[in-house]
Structure formats: structure tokens, C-alpha cells
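Trainee: Before I ask anything, here is the structure I am working with.
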Amino acid sequence: MSEDCEKMQDKILDYILGTLSQEDCEVLNEHIAVCSKCRQYMQVLKDEKRLLREFAGKVDMGMKPREEKMAKAITSSNQGKQIRLPLTWRTFVQSKISKLAVAAVLLIAVGYSAGRLLSPRPPDVRQLQTAIETSLKSSLEQTIHKSLLEQVSRDRELALERHYVRLKDELTRQLHQNISEFAVQTLAASRAVTDQRLADLIQLIEAARTVDHYQIRMAFERMESDRLQDKNHFENGLVSLAAQNLVRPDNQQ
Amino acid sequence: MSEQSDENLVDASRTGDNGAYAVLAKKYYKSVFIVCLGMLGSIHDAEDVAQETMLKGLLNIKDLRDSSQFGSWIIKIARNHCISLIRGKKRANKVITQKSKPQEQMLIQYEGLQQAIEKLPEESRLPLVMYYFGSESVREVAEKLNLSPSGVYQRLKTATKELHRLLIKQGDVI
């Protein structure tokens with residue numbers, strides 16, 4: 001790209017954003033009238049701007065329903081409906097672990113209260129602690145196990161996806177290589193076939209030329225033979241004419 | 001119906017009037033969505049974060065000291081939310097981005113353009129998205145991003161040039 005074109009393409013960007021001065025606009029118009037490359041660059045940028053505006057318009061069309069949905073979700077929370085909480089807290093609140101934990105704590109609390117009410121003895125703190133630990137452990141172990149399995153599964157899926165991308169790249173590279181090799185082989189084969197065809201053609205031309213040459217030679221020979229025959233006839237005619245002329249004066253005498 | 005001021009709506013929201021907050025959310029949803037789209041580059045991520053920002057705003061409305069500043073306050077929440085999401089993604093070091101949700105039918109034809117926008121550096125993507133998608137003037141973008149108008153023009157220029165390069169690289173030349 002020439003230095004001039006580089007400057008002009010910078011001006012084209014200003015033109016697209018609507019910040020080019022009138023004076024520069026004239027300079028740019030003069031340039032694009034003679035430079036097809038810059039003219040094309042300007043057209044493509046104009047089309048991209050149009051596409052951006054179209055895309056923005058489509059996104060904007062979906063804005064009203066989103067706003068309505070949002071407002072509805074907020075208003076409905078007034079009527080006692082559950083509102084969507086931020087992701088991290090929502091995930092925790094909705095998770096099985098939290099529900100089980102709450103259930104376990106409630107059960108223990110009820111058990112503890114019942115024990116306190118029914119038994120005259122003071123509660124055994126160590127026993128209570130062990131009971132809580134056992135209860136929590138039994139209620140959470142399975143869920144934690146399941147959660148860990150899910151995490152491992154997610155990690156494995158991610159790793160598989162990474163491998164898939166690598167495999168895809170490798171296959172694409174291999175495919176390109178194969179296509180290149182195939183193209184080279186096809187080209188070589190095509191060249192050999194072309195050479196063969198050309199050799200055949202040359203042979204045919206040569207044969208035709210030999211036949212023509214033979215026919216011309218024969219025609220010349222025929223012409224020569226006819227000429228010789230005509231010449232003989234002519235000589236014979238002359239001889240017989242001379243003989244007749246020589247005989248005639250004697251007869252007159 | 002006369003339009004209520006932000007101050008009145010914020011004050012009503014503080015007293016637990018979710019209807020008043022819904023009006024505010026509706027009013028500022030687009031601005032929040034545009035900032036999220038500019039920072040995250042993905043429409044679906046922007047939708048999720050915009051929604052979560054509005055709900056976070058509802059939960060924390062009592063923390064807003066100046067009722068007239070709801071607009072800038074909610075945008076700040078959205079930006080912080082986006083930043084933590086970007087950091088989280090970086091920390092996770094995801095080679096592959098999350099599988100995108102199925103595109104809305106009407107946006108499928110702009111998939112190439114959307115991908116190119118996603119790949120733009122954030123500093124030029126945000127002004128570009130605000131300018132084209134938010135239909136904001138250069139002056140408005142400059143004010144919101146705390147930049148000079150010429151700085152915004154420069155970023156828009158860089159974004160236009162880079163977007164063109166990315167579209168060519170993707171083979172999506174128009």
C-alpha cells in the first residue's frame with residue numbers, strides 16, 4: 001500500500017464515523033475516483049457499518065420483551081413469588097446440599113429440644129457434637145460425593161472438548177496436507193496425460209504429413225509422366241509431319 | 001401518566017415498593033445491558049448479567065445514598081459484576097468458552113459479526129457497542145466512560161479498523 005493510500009484509508013475511517021472535514025472529503029473523493037483499492041475499502045467499511053446498525057436494530061427489537069420480563073419478575077416478587085437471586089447465592093440456596101443441611105440442622109434442633117424437655121439431665125455437649133457430626137456427615141456425604149462426581153464429569157467434559165479441538169485442528173491440518181499432495185499428484189498425472197496426448201497428436205500430424213507428401217510426390221510423378229507422354233506424342237507428330245513434307249516435293253517434281 | 005422522578009422511585013423502592021423499582025429497572029435496563037454487552041461481548045452473558053445486576057440493585061437499594069444517582073450507581077454495579085465475571089473466566093483459564101445458548105433465529109445471520117465484536121479488545125469494544133447498540137452520541141459515550149470526545153473517536157476508529165480486520169480473517173467480508 002502506498003503512503004498516499006495509507007493516509008487516505010485513515011481519512012476513510014474518519015469519513016465512516018462522520019468526522020471528516022469538507023476539505024478532506026474533497027481530497028478523498030479525488031483520490032477514490034482514481035484508486036480502486038481505496039474505493040473498495042470505503043465501500044466495504046460502509047457495508048460493515050450498515051450491518052452493525054442492522055444488528056444493533058435487531059438486538060434493540062428484543063429489548064422491550066427483556067425489559068417487560070425483568071419488570072414483571074420484580075413486580076411479581078411483591079405478590080410473594082420467588083425472585084431470581086444472583087447466581088452464586090441462588091445456586092447455593094437452590095442446591096441439594098443446603099436443603100439437606102437445613103433439614104439435618106432442624107432435625108437435630110428438634111431432637112435436642114425434645115431431649116432437653118424430656119430429660120432432667122443436662123445435655124451431654126460431647127455427645128450432642130458427635131450426633132451433629134454424624135448426622136451432618138451421613139446427610140451430606142452422598143450429596144458431596146455426587147457433587148464431586150459432577151465436578152469431575154464437568155472437568156472431563158472440558159478436557160474432552162479441548163482434545164476435540166486439538167483433534168479437529170490436527171485433522172484439518174492433515175486434510176490440507178492430503179489435499180495438497182493429491183493436487184500435486186493429480187497435476188503430475190495430468191501433465192503426463194497431456195504429454196502423451198501431445199505426442200499422439202504430433203505422431204498423427206507427422207503421419208498425415210507423410211501421406212500428403214507421398215500423394216504430392218505421386219501427383220508430380222503423374223504430371224511428369226503425362227508431360228513425357230505429351231512430349232513423345234508431339235515429337236512423333238513433328239517427325240511424321242516432316243516426313244510428309246519431304247515426300248511431297250519429290251512427288252511434285 | 002406523568003413520569004415519576006428517579007428520586008421518588010428510589011425512595012419508594014427503599015420502602016419495599018417493588019413496583020417502583022420495576023419502573024426504574026425498565027428505564028435503565030437497556031443502558032445496563034449495553035454496558036454488559038460492551039464489556040462481555042456476548043448477548044447471552046449480557047442478558048444474564050443485566051438481569052442479575054437489576055436484582056442486586058433491588059436487594060441493595062438501601063445502600064444508595066443519593067437517590068438521583070440511581071443510573072450511574074446501577075451501571076457501576078453492572079461493571080463490577082462484569083469485571084468479576086471476566087476475572088472468574090480468566091481464572092478458570094477456559095480454553096473453550098461455554099457453549100453458547102441457541103441463538104435467536106433473527107440473530108443467526110449476524111453470528112460472524114457477533115464473533116468479531118466479541119474478539120475486539122474491551123477498550124474499543126465498549127465505545128463501539130455504546131455508540132451503535134446504545135444509539136448514544138460520542139459526547140454521551142465520553143461522559144459515561146469518563147473519556148474525552150476525541151478519545152472516544154479514536155477508540156471508535158480503532159474498533160472499526162479492527163472489526164474489519166477480524167471479519168476478513170473470519171472470511172465474513174461483506
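Trainee: Which of the residues that make up segment B:165-174 are assigned to a helix (DSSP H, G or I) and in contact with a helix residue (DSSP H, G or I) (Cβ under 6 Å, 6 or more places away or on another chain)?
Mentor: B:LEU166, B:LEU167, B:GLN170
Trainee: If you don't mind, another one. Going by the conditions given, is B:LYS56 over 21 Å from B:ALA142 (Cα atoms), among the basic types (Lys, Arg) and surrounded by fewer than 18 Cβ atoms within 10 Å (Cβ to Cβ)?
Mentor: No.
Trainee: I would also like to ask the following. Here is a check on your reading of the model: is A:VAL44 farther than 27 Å from B:LYS30 by Cβ, among the β-branched types (Val, Ile, Thr), out of contact with any Phe, Trp or Tyr (no Cβ under 9 Å at 6 or more places or on another chain) and within 14 Å of chain B (Cβ to nearest Cβ)?
Mentor: yes
Trainee: Within segment A:12-54, count every residue that is more than 25 Å from B:GLY112 (Cβ to Cβ) and part of a helix (DSSP H, G or I).
Mentor: 15
Trainee: Hey, another quick one. Assuming B:TYR28 fulfils every condition listed in (1) under 14 Å from B:PHE133 (Cα atoms); (2) of a type in the set (Phe, Trp, Tyr); (3) out of contact with any Lys or Arg (no Cβ under 9 Å at 6 or more places or on another chain) apart from one, which condition is it?
Mentor: Looking at each condition in turn, B:TYR28 falls short on (1).
Trainee: Please find, among A:ARG209, A:ARG154, the residue that is part of a helix (DSSP H, G or I), surrounded by 10 or more Cβ atoms within 10 Å (Cβ to Cβ) and more than 14 Å from chain B (Cβ to nearest Cβ).
Mentor: A:ARG209
Trainee: Which condition from (1) part of a helix (DSSP H, G or I); (2) modelled with pLDDT under 70 is the one that A:PRO122 breaks?
Mentor: If we test A:PRO122 against (1) part of a helix (DSSP H, G or I); (2) modelled with pLDDT under 70, just (1) comes out false.
Trainee: Still on this structure, I have one more. Criterion first (outside any helix (DSSP H, G or I) and either surrounded by fewer than 21 Cβ atoms within 10 Å (Cβ to Cβ) or at pLDDT 90 or above (or both)) does B:GLY71 satisfy it?
Mentor: So B:GLY71 does not fit the description; no.
Trainee: Check A:LEU238, A:LEU204, A:LEU228 and return the single one that is surrounded by 10 or more Cβ atoms within 10 Å (Cβ to Cβ), of a type in the set (A, V, I, L, M, F, W, C) and within 60 Å of the chain's Cα centre (by Cα).
Mentor: Every option except A:LEU204 fails the conditions.
Trainee: Another question about this same structure. Against the conditions (1) at the interface with another protein chain (Cβ under 8 Å from one of its Cβ atoms); (2) touching a residue at least 12 places away in the same chain (Cβ under 8 Å), where does A:ARG66 fall short? Just the number, please.
Mentor: A:ARG66 satisfies every listed condition except (2).
Trainee: While we're here: Going residue by residue through segment B:154-174, is there one that turns out to be modelled with pLDDT of 80 or more, surrounded by 12 or more Cβ atoms within 10 Å (Cβ to Cβ), of a type in the set (Val, Ile, Thr) and within 17 Å of the chain's Cα centre (by Cα)?
Mentor: Among the residues of segment B:154-174, not one is modelled with pLDDT of 80 or more, surrounded by 12 or more Cβ atoms within 10 Å (Cβ to Cβ), of a type in the set (Val, Ile, Thr) and within 17 Å of the chain's Cα centre (by Cα), which makes the answer no.
Trainee: Which numbered condition trips up B:LYS144, out of (1) more than 8 Å from chain A (Cβ to nearest Cβ); (2) surrounded by fewer than 19 Cβ atoms within 10 Å (Cβ to Cβ); (3) out of contact with any helix residue (DSSP H, G or I) (no Cβ under 6 Å at 6 or more places or on another chain)?
Mentor: It fails just one condition, (2).
Trainee: Further, regarding this structure: If B:ALA92 satisfies all but one of (1) of a type in the set (Gly, Ala, Ser); (2) modelled with pLDDT under 85; (3) surrounded by 12 or more Cβ atoms within 10 Å (Cβ to Cβ), what's the number of the condition it fails?
Mentor: It is condition (3) that B:ALA92 fails.
Trainee: Another question about this same structure. (1) in contact with a Leu (Cβ under 6 Å, 6 or more places away or on another chain); (2) at pLDDT 85 or above: which one isn't true of A:SER139, the others all being true?
Mentor: A:SER139 satisfies every listed condition except (2).
Trainee: I'm told B:ALA50 meets every condition in (1) assigned to a helix (DSSP H, G or I); (2) surrounded by fewer than 21 Cβ atoms within 10 Å (Cβ to Cβ); (3) within 14 Å of chain A (Cβ to nearest Cβ) except one. Can you identify the failing condition by its number?
Mentor: Only one criterion in (1) assigned to a helix (DSSP H, G or I); (2) surrounded by fewer than 21 Cβ atoms within 10 Å (Cβ to Cβ); (3) within 14 Å of chain A (Cβ to nearest Cβ) is unmet by B:ALA50, namely (2).
Trainee: Could you please give the count of residues in segment B:114-126 that are more than 11 Å from every other protein chain (Cβ to nearest Cβ) and touching a residue at least 40 places away in the same chain (Cβ under 8 Å)?
Mentor: Selection size over segment B:114-126: 8.
Trainee: Right, something else. Would you check if there is a residue in segment B:19-40 being outside any helix (DSSP H, G or I), of a type in the set (Gly, Ala, Ser) and within 30 Å of A:LEU52 (Cβ to Cβ)?
Mentor: no
The values are calculated or read from the model by the stated rules, or taken from the named source; none is laboratory data. Just so it is clear, the structure is predicted and the values come from calculations on it, not from any experiment. Glycine gets a Cβ as well: all are built from the backbone with ideal geometry, and neighbour counts include every protein chain shown.
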